[in-house]
Amino acid sequence: EVSREESISLQDEISVIKEYCVLEGMRFNRQIDLQITAESEIDLETTQIPPLLLQPFIENSLKHGFKDLETGKIDIFFKKNYNRLLIEITDNGRGFQQTTSTHNSLSMEIVKERLALIANSKNKEFHLYSENTFSE
């Protein structure tokens, strides 16, 4: 349902991500430790974001990063920096370079393209940044 909306509340996006992690945890027979935190000044009901914005990143963690783990851990942190909403997603997966899958994930490119379209139509600005901090 939310995929048909132009924007949804941050609270609704969080609910979708929680449900998605439960279902995918059952599907992969894996424990998912999901921690979601938001700074107190962020109103989860009134803050609007594009629907399913976080799902592609969570999916990558679940399907690729946690491949050989019994328990996957995902932390999502929402904070404000001036008038910007910053979303940080971290996990305990294998990292980008350590995956052995031949699957070519397009999630980052798809999200970039989607944000560019929204930015152009709404005269808004989005930045997407990823960092691989995996260490053995």
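The values are calculated or read from the model by the stated rules, or taken from the named source; none is laboratory data. Since the model is a prediction, treat every value here as computed from it, not as a measurement. We place every Cβ from the backbone using ideal geometry, glycine too, and count neighbours over all the protein chains shown. Only protein heavy atoms, including side chains, enter the accessible area calculation; ligands, DNA and RNA are left aside. Shrake-Rupley method; radii C 1.70, N 1.55, O 1.52, S 1.80 Å.
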Fill in the blank from the handout: Contour minus Cα-Cα span, ILE110 to VAL22, at 0.36 nm per residue, comes to 29.3 nm
Completion exercise
Classified through the alpha carbon gyration tensor (a ≥ b ≥ c as square roots of its eigenvalues; rounded if a/c is under 1.5, else prolate when a/b is larger than b/c, else oblate), segment 15-68 comes out prolate
Completion exercise
Note on the chain: alpha-carbon gyration tensor, axes a ≥ b ≥ c; rule is a/c under 1.5 for rounded, else prolate if a/b larger than b/c, else oblate; result prolate
Exercise for the section: Tell me what the chain gives for mean residue ellipticity at 222 nm when only DSSP H runs of n ≥ 4 count, each as -39,500 (n - 2.57), the sum divided by the residue total, rounded to 500 deg cm²/dmol. Expected result: -9500 deg cm²/dmol
Problem - Cα-centre dipole for the chain with unit charges at Cβ (Lys and Arg positive, Asp and Glu negative), debye to 20 - result: 320 debye
Practice task
Enumerate the lysines that LYS63 could reach by cross-link, defined here as Cα to Cα under 23 Å, with residues fewer than 8 away along the same chain left out.
Solution key: LYS18, LYS73, LYS112
Fill in the blank from the handout: Probe 1.4 Å, all chains present, heavy atoms only: LEU54 accessible area in Å², nearest 10, is 10 Å²
Fill in the blank from the handout: For segment 1-70, listing GluC sites (Glu not before Pro) in a DSSP loop whose Cβ sees at most 13 other Cβ atoms within 10 Å gives GLU1, GLU5, GLU6, GLU39, GLU41, GLU45, GLU70
Practice task
Leaving out ligands and nucleic acids, note down the accessible area per residue over segment 30-73 with a 1.4 angstrom probe, in whole Å².
Solution key: 52 Å²
Problem - Distance in nm between pseudo-label sites at LEU86 and ALA119 (7 Å out along the Cβ direction from Cα) - result: 1.8 nm
Handout entry: Bridge type composition, the chain - antiparallel percent by DSSP, nearest 5
Key = 55 percent
Practice task
Obtain the nm distance between the two label points defined at LEU128 and GLU39 by a simple spin-label model: each point lies 7 Å from its Cα along the Cα-to-C-beta direction.
Solution key: 2.3 nm
Problem - In Hz, Karplus ³J(HN,Hα) per residue of segment 66-80 (6.51, -1.76, 1.60; θ = phi - 60°; x = Gly, Pro) - result: 9, 3, 10, 9, 6, 10, x, 10, 10, 10, 10, 10, 9, 9, 10
Fill in the blank from the handout: Put MET108, MET26 in order of accessible area, largest first, probe 1.4 Å, and you get MET26, MET108
